[in-house]
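K.L.:
Let me give you the structure first, and then I'll get to my questions.
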Amino acid sequence: MASTELEKKPSQAIDPAEEPSVEWGWHGGFPKGTQIAGWFSVVAVLCMLIGNHQGILSGGGHFKMEDVWLIGTAAVLAIGLLYDLAKNKRRR
């Protein structure tokens, strides 16, 4: 018999009992979608820096703790996205 694309490949290591979707459909990730949504989130978090929020007074100057958290969150997201991008490049 000629093999078709729809036949199960023996290299498939996913157990249909654990992942039922393997039998009836596509099973995978969205690497481009993850990158697009992730970078959009980084930009959205950084846009939150613009606003009318007040800082905590610290010795006469303004210290905006919320800005530190926003920048930190954006940095962690960006580092994770860059790590994911490098990991995907190594697989190809």
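K.L.:
Pop a pseudo-label 7 angstrom from the Cα along the beta-carbon direction at both residue 82 and residue 67 and give the gap in nm to one decimal.
P.N.:
So the two model labels end up 2.2 nm from each other.
K.L.:
Quote to one decimal, in nm, the extra length available between residue 75 and residue 89 on full extension: 0.36 nm per residue of separation minus the C-alpha distance between them. Walk me through the numbers before you get to the answer.
P.N.:
Details: separation 14, 0.36 × 14 = 5.04 nm, distance 2.10 nm.
Contour length minus Cα-Cα distance gives 2.9 nm.
Rule-based calculations on the coordinates, nothing more; no lab input. Because the structure is predicted, anything quoted here is derived from the model rather than measured. Neighbour counts run over all protein chains shown; Cβ positions are idealised from the backbone, glycine included.
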